[in-house]
Each structure stands twice: as structure tokens, then as C-alpha cells.
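The values are calculated or read from the model by the stated rules, or taken from the named source; none is laboratory data. Only a predicted model underlies this, so the values are computations on that prediction, with no experimental measurement involved. Cβ: placed from backbone, ideal geometry, glycine included. Neighbour counts: every protein chain shown.
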Amino acid sequence: MKTSLFVLGLAVISGVAAADPPPPIPACPPLLDLSVRRLAGEEVVNLCEAYRGKVILVVNTASKCGFTPQYEGLEALYRKYQDRGLVVLGFPSNDFMKQEPGNEQEIQKFCRLTYSVEFPMFEKVSVTKGTATPLFERLAAAGAPYPKWNFYKYLIDRDGNYVDYYSSLAAPESGKLVQAIEKLL
């Protein structure tokens, strides 16, 4: 007991704290401070807790669209860069010409069987102005346009800041998108 008090006393005299408290965890960036449900499941994921510190590519998806083959490129991006900190987050939407008519179980089955999608997919949402779910509202508030079609891609940096968007016409393997991802990684 005398030894511990002596050591504590020396620490106080020398100005060194006996046990420095851990640095505070930074506040959750507003863009990611929300929870969403996994596709075809009951698990709810807090985006901040799950993906803070990662580069995020948010995509509004659809199974019956001319751009649907982009699932393959999105999955390839995810597999190539996930170990370096990239995560692709898919959000199915039926907002454009009813090109995502299925229920969540059908969407999940289609994505896995047709394109071997392993990147996180979340509940079916609305993405258009006036009906958009909170994530797409927050993206718009951060300066991104609302999607004008399926497969709009939104890039978010490791600090949870919106960086840029890429329209449906930008393939996941396009040089511009890949360079932007690599720069953030």
C-alpha cells in the first residue's frame, strides 16, 4: 500500500497522470447518424457504429433496370477494396418506373444468385425528393442531388463527409470513380 501511494505521489508531483483517460470518440458525423434495417431481415444497423472510418459508396439499386448489371461492378469494387476500407451500401428502390417491384426476400435472392452480391444491402427505400428516406435526405442536404434514376452512386469519406456523386451512366469500374475511391483510401 505504501508503495502505491508513493508512486501515485511521484506521478502527481511530476505532473504525470497515473492513468490518462482514453481520447474521446469523435461525434458521429450527421450524415451517418442513423440506423437502417438490413435487407430481408430484422437486424438494424447504425451506420456510424458499423462504418465510421470507412470510405462508403452508397448506391440506390433496382433489379429490373438497364443498369442492373452494375451490381457486378459494385461487387468487384467491394471485393477489391474492402480490405483497404471501402464498403458499398446498396439501397433498393422502386421509385423509377417500378423497376424494383419485388419484396425484400426476392431482391436479396436475385442479388445473391444473379450477381453474387456480398456487399451490405439494406431495406427497400424511397430516394426521390419529398419522399426520400433520411440517408438520401441527408445526402441532398450535404449538396448531393437526389437520384434521377437507379444506380446513382454517392461517395463518402472516412470522416463521414459527402465527397461526390456519380450518375447511373458512370460504371462502377469507371476511371473517375475508381480514382476517387483510391484517393480516399
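Every condition in (1) of a type in the set (A, V, I, L, M); (2) surrounded by 19 or more Cβ atoms within 10 Å (Cβ to Cβ); (3) over 21 Å from Glu72 (Cα atoms) is met by Ala142 except one, and the failing one is (2). Looking at Gly102, Gly90, just one residue is among the small types (Gly, Ala, Ser), under 21 Å from Ser35 (Cβ atoms) and surrounded by 15 or more Cβ atoms within 10 Å (Cβ to Cβ), and that residue is Gly90. If the condition is being without any contact (Cβ under 8 Å) to a residue 60 or more places away in the chain and either more than 16 Å from Pro147 (Cβ to Cβ) or of a type in the set (S, T, N, Q) (or both), then the stretch 73-102 contributes Glu75, Tyr78, Arg79, Lys80, Gln82, Asp83, Val87, Ser93, Asn94, Gln99, Pro101, Gly102. Here Val117, Val88 are screened, and the one residue that is within 18 Å of Ala50 (Cα to Cα) and β-branched (Val, Ile, Thr) is Val88. Just one of (1) of a type outside the set (Phe, Trp, Tyr); (2) within 23 Å of Leu169 (Cα to Cα); (3) surrounded by 18 or more Cβ atoms within 10 Å (Cβ to Cβ) fails for Glu137. It is (3). Exactly one residue among Leu31, Leu77, Leu89 is outside any helix (DSSP H, G or I), at negative phi, touching a helix residue (DSSP H, G or I) at 6+ places or on another chain (Cβ under 8 Å) and modelled with pLDDT of 95 or more, and that residue is Leu89. From the list Lys129, Lys124, Lys109, pick out the single residue that is surrounded by 15 or more Cβ atoms within 10 Å (Cβ to Cβ) and charged (D, E, K, R). Among Lys129, Lys124, Lys109, only Lys124 is surrounded by 15 or more Cβ atoms within 10 Å (Cβ to Cβ) and charged (D, E, K, R).
Within the stretch 132-148, the set of residues being in a helix (DSSP H, G or I) and touching a residue at least 12 places away in the same chain (Cβ under 8 Å) comprises Pro134, Leu135, Phe136, Arg138, Leu139.
What's the number of the only condition in (1) farther than 24 Å from Ala144 by Cα; (2) part of a loop (DSSP other than H, G, I, E, B); (3) over 20 Å from the mean Cα position of the chain (by Cα) that Leu113 fails to meet? If we test Leu113 against (1) farther than 24 Å from Ala144 by Cα; (2) part of a loop (DSSP other than H, G, I, E, B); (3) over 20 Å from the mean Cα position of the chain (by Cα), just (2) comes out false.
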